[in-house]
Structures are given as C-alpha cells and as structure tokens.
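Heads up: the structure comes next, in structure tokens.
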Amino acid sequence: MSVTAAPLLEIVDLVRHFPVRNAFGRRTGWIRAVDGVSLAVWPGETLGLVGESGCGKSTLGKTVMGIYTPTAGDIRFAGREIGHLPARERRAVAADLQYVYQDPGASLDPRWKVVHSLHEPLKIHARLSRAEREREVGAILSAVGLPDAHLDLYPHELSGGQQRRVALARILTLRPRMVILDEPTSGLDVSVQASVLKLFRNLQEAFALTYVFFSHDLAVVRAMCARIAVMYLGTIVELGETAAIFEQPRHPYTRSLLAAVPRIGGRRVTLDFALEGEPPNPRDVPSGCRFRTRCPLAQDVCAVEEPRLREVDGRRVACHFA
Ligand SMILES: Nc1ncnc2c1ncn2[C@@H]1O[C@H](COP(=O)(O)OP(=O)(O)OP(=O)(O)O)[C@@H](O)[C@H]1O
Ligand SMILES: [Mg+2]
C-alpha cells in the first residue's frame with residue numbers, strides 16, 4: 001500500500017435508518033441500523049469489519065452498494081460521490097464495486113445452471129463474442145478452483161463451499177476493483193473455511209482486488225485483515241491495525257469481544273470484560289455512549305455525552321475512558 005495513494009472507498013458520516021410502522025402504517029420510530037460511520041479503504045488492502053449480529057454490517061454493505069439509499073452521509077468510490085447518484089449514473093460504477101451476499105444462495109438463481117449464472121453478467125456488462133465469453137468464464141472458473149464439469153450443475157447440486165466459489169466467480173467476471181465480502185465463511189466447516197480464505201488471498205493478488213471483509217469471527221478477521229473496524233450498534237468504536245488491537249484492545253467493547261475468544265494468541269479470558277446480555281435494540285439506542293448499558297467502565301458522563309472517535313495509542317477509539 002502506497003502512502004500517497006488515495007482511498008478507493010471513503011465513507012463519511014454514513015447513516016441508514018429504517019422506519020418502524022404500526023399496524024396502521026404510521027411511523028412509530030426508526031431502526032438506527034447504521035448511525036454515523038466514517039471509514040476509508042485503501043487500494044489493495046483487506047479491511048475487516050467485526051461486530052455482533054445486528055450491529056449493522058450488512059446494512060452498511062448494502063448502503064455502500066446502493067441497494068439501500070443513505071439516510072445521510074457520503075460515499076466516495078474512486079474519488080467520486082456515489083451515494084446520491086441517479087440510478088442510471090450509479091450503474092456506471094456498478095461493475096467496479098461488488099458485494100458477496102452473506103447467504104450465497106441469495107446471489108445464485110436456483111433455476112439457472114452455473115454456466116448461465118456466469119455468462120449472464122458478461123452479456124449485460126461486456127461486449128464480448130460468445131467465444132471470448134466462454135474463454136473468460138473458463139479462466140475464472142479455474143481461478144476459483146472449480147472444474148468445467150460444474151458448469152452443468154444447478155446451485156442445489158453444489159456444496160456450500162462450491163456455491164461460494166461460484167458466487168465469487170460470477171462477480172469476478174465483471175473485473176471489479178473492490179469486493180465487499182459479507183460473512184463469507186459462515187456456515188462452512190473449518191477445513192472448507194481455510195481453503196476459501198486461501199482462495200480470497202490468491203484472487204486478491206491475481207485480480208488486484210480491494211476487500212472489505214465483514215465477520216463476527218475474530219479469528220478469521222485476524223487471519224485476513226491488516227486493519228479492522230469494530231462496530232457496535234451502528235457505529236465504529238475502534239479502528240486500527242489488527243495486530244495492535246488484538247495485542248491491546250482499548251475500547252471496552254473490543255476488550256470484551258476478545259475476552260470471549262478463548263485463549264487467542266495465549267490470551268486468558270478476562271472475566272471483568274465478559275460480555276453479558278444482548279445488545280440494545282437499534283430502535284432504542286441508549287443516550288450518550290451506546291455501549292454504556294453493558295460496559296464495566298461506565299460513569300455518569302457516559303449517559304450524557306456520546307464519545308467521538310479519537311486518536312489513542314496509534315488507533316481510533318470512541319470511549320471517554322480508553
Ligand atoms: N430492510 C430492513 N428493514 C428494517 N430493518 C432492517 C432491515 N435490514 C436490517 N434491519 C435491522 O437493522 C439492524 C442491523 O441489521 P444488519 O443485518 O445490518 O446486521 P448485521 O451486523 O449484518 O447482522 P448479522 O451478523 O446477523 O448478519 C437489525 O436490527 C436489523 O433488524
Ligand atoms: Mg449481516
């Protein structure tokens with residue numbers, strides 16, 4: 001990564017709220033799924049985004065992708081604001097920025113054989129002859145480690161690991177610059193997980209990809225990402241180099257997440273940072289610091305003043321007491 005390079009993706013104060021309606025269709029509140037996230041992703045890196053179920057990872061990814069429109073904030077991709085583009089102009093950047101769904105089944109049409117799934121994006125986005133298309137699909141199929149014979153199968157005839165490879169191949173046919181991988185190893189057993197992670201690394205190199213990697217599996221994120229962002233209830237609470245954060249987490253939420261991983265890197269479970277209970281409902285975000293209701297360090301100020309991300313010990317942390 002060159003220090004002079006500009007970020008490929010830059011998100012500034014991004015907000016995505018969903019309305020809550022009663023039985024009469026009247027809005028009674030908002031789900032604050034993404035509530036003011038700022039991030040930069042640099043060309044060629046893999047940025048990890050970790051956090052418990054429901055903290056807003058998928059919503060963030062889908063908002064960046066244009067699947068949801070932002071409630072507020074900016075999304076810049078390759079130097080261009082894309083968060084508020086009209087649909088037609090947004091399509092011009094669509095191929096460059098791709099999203100691998102959390103559920104690989106969701107991105108593959110069950111009625112289509114693999115061959116159809118892989119040719120279709122090329123038919124839409126690229127002007128290639130049939131022979132050129134076949135060459136391209138063959139090359140990408142072998143890059144993701146699937147034999148040609150799989151072209152003739154339907155998604156339900158594939159294993160979970162193979163479905164993920166096909167979903168990835170489909171995206172790669174578009175030659176994207178950035179791929180958002182949403183929980184790309186969930187539901188895979190450990191040995192398949194390892195081979196899929198290795199594949200991501202090889203493809204990153206072969207296709208010059210930049211990744212954003214969403215996961216609640218800290219071990220996976222640690223293996224894949226040089227930098228991580230820790231997300232809690234729609235906001236980023238800690239952001240920095242993975243090695244430094246695993247060595248010495250500063251935000252109490254990060255500390256409790258790491259305490260819950262048994263003996264990672266020889267670390268013992270620190271019971272005073274054991275995370276208890278469920279995160280609050282994003283419909284009803286606590287005042288001040290949103291982690292305070294589960295935080296062992298919380299003081300009066302935490303109920304009143306929302307901590308901003310600030311530089312602490314070479315990373316950014318949103319806590320009054322970090
Ligand atoms: N389309 C939607 N309409 C209303 N609420 C939604 C919608 N999508 C997500 N939410 C809510 O937003 C919050 C964040 O959900 P999201 O799926 O982004 O979390 P996540 O971090 O991806 O969780 P997981 O790890 O389980 O995939 C949740 O409370 C969820 O119920
Ligand atoms: Mg999700």
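The values are calculated or read from the model by the stated rules, or taken from the named source; none is laboratory data. This is a predicted model, so every value here is computed, not measured. In this analysis, Cβ positions are derived from the backbone assuming ideal geometry, glycine residues included, and neighbour counts consider all displayed protein chains.
Criterion first (surrounded by 14 or more Cβ atoms within 10 Å (Cβ to Cβ) and outside any loop (DSSP other than H, G, I, E, B)) does R133 satisfy it? It is true that R133 is surrounded by 14 or more Cβ atoms within 10 Å (Cβ to Cβ) and outside any loop (DSSP other than H, G, I, E, B). Take segment 136-156 and flag every residue that is of a type in the set (A, V, I, L, M, F, W, C), within 20 Å of A95 (Cβ to Cβ) and crowded, with 17+ Cβ neighbours inside 10 Å. Residues satisfying the conditions are V137, I140, L141, A143, V144. Limited to segment 45-58, what total is found for residues that are near ligand 1 (Cβ under 9 Å from one of its atoms) and more than 9 Å from the chain's Cα centre (by Cα)? So the answer is 6. Among the residues of segment 85-103, the ones that are surrounded by 13 or more Cβ atoms within 10 Å (Cβ to Cβ), more than 16 Å from ligand 1 (Cβ to nearest atom) and in a loop (DSSP other than H, G, I, E, B) come to 3 in all. Number of residues in segment 165-194 that are closer than 19 Å to G48 by Cα and touching a residue at least 40 places away in the same chain (Cβ under 8 Å) equals 11.
Among the residues of segment 162-180, those identified as over 18 Å from the mean Cα position of the chain (by Cα) and in a loop (DSSP other than H, G, I, E, B) are T173, L174, R175.
Return yes or no: is A223 over 24 Å from E306 (Cα atoms), assigned to a helix (DSSP H, G or I) and touching a Lys or Arg at 6+ places or on another chain (Cβ under 9 Å)? Against the criterion (over 24 Å from E306 (Cα atoms), assigned to a helix (DSSP H, G or I) and touching a Lys or Arg at 6+ places or on another chain (Cβ under 9 Å)), A223 does not qualify.
Selection of segment 181-195 for residues being under 16 Å from the mean Cα position of the chain (by Cα) and either aliphatic (A, V, I, L, M) or assigned to a helix (DSSP H, G or I) (or both) yields only L181.
Screening segment 59-80 for residues that are of a type outside the set (S, T, Y) and within 14 Å of ligand 2 (Cβ to nearest atom) and picking the one that is surrounded by the fewest Cβ atoms within 10 Å (Cβ to Cβ) gives I67.
Tallying residues that are among the hydrophobic types (A, V, I, L, M, F, W, C) and either surrounded by fewer than 21 Cβ atoms within 10 Å (Cβ to Cβ) or assigned to a loop (DSSP other than H, G, I, E, B) (or both) within segment 226-245 yields 4. Scanning segment 1-45 for residues that are farther than 14 Å from A78 by Cα, in contact (Cβ under 8 Å) with a residue 24 or more places away in the chain and of a type in the set (D, E, K, R) turns up D13, R16, R32, D35, E45. Would you say P286 is at pLDDT below 95 and more than 17 Å from P249 (Cβ to Cβ)? No: the conditions fail for P286.
So is D109 in a strand (DSSP E or B) and either of a type in the set (D, E, K, R) or more than 16 Å from ligand 1 (Cβ to nearest atom) (or both) or not? No, not satisfied. When V100, V93, V144 are screened for being in contact with a strand residue (DSSP E or B) (Cβ under 8 Å, 6 or more places away or on another chain) and under 17 Å from L199 (Cα atoms), only V100 passes.
Out of everything in segment 209-258 that is at pLDDT below 95 and in contact with a Pro (Cβ under 6 Å, 6 or more places away or on another chain), what residue ends up being nearest to D35 (Cα to Cα)? The residue in question is R255.
Selection of segment 271-322 for residues being surrounded by 18 or more Cβ atoms within 10 Å (Cβ to Cβ), aromatic (F, W, Y) and assigned to a loop (DSSP other than H, G, I, E, B) yields only F291.
When G83, G51, G56 are checked against the criterion of being more than 18 Å from I171 (Cβ to Cβ), touching a helix residue (DSSP H, G or I) at 6+ places or on another chain (Cβ under 9 Å), within 14 Å of ligand 2 (Cβ to nearest atom) and in contact (Cβ under 8 Å) with a residue 40 or more places away in the chain, a single residue qualifies: G51. Taking I67 as the residue in question, decide whether it is more than 14 Å from ligand 1 (Cβ to nearest atom) and more than 26 Å from R255 (Cβ to Cβ). No, not satisfied.
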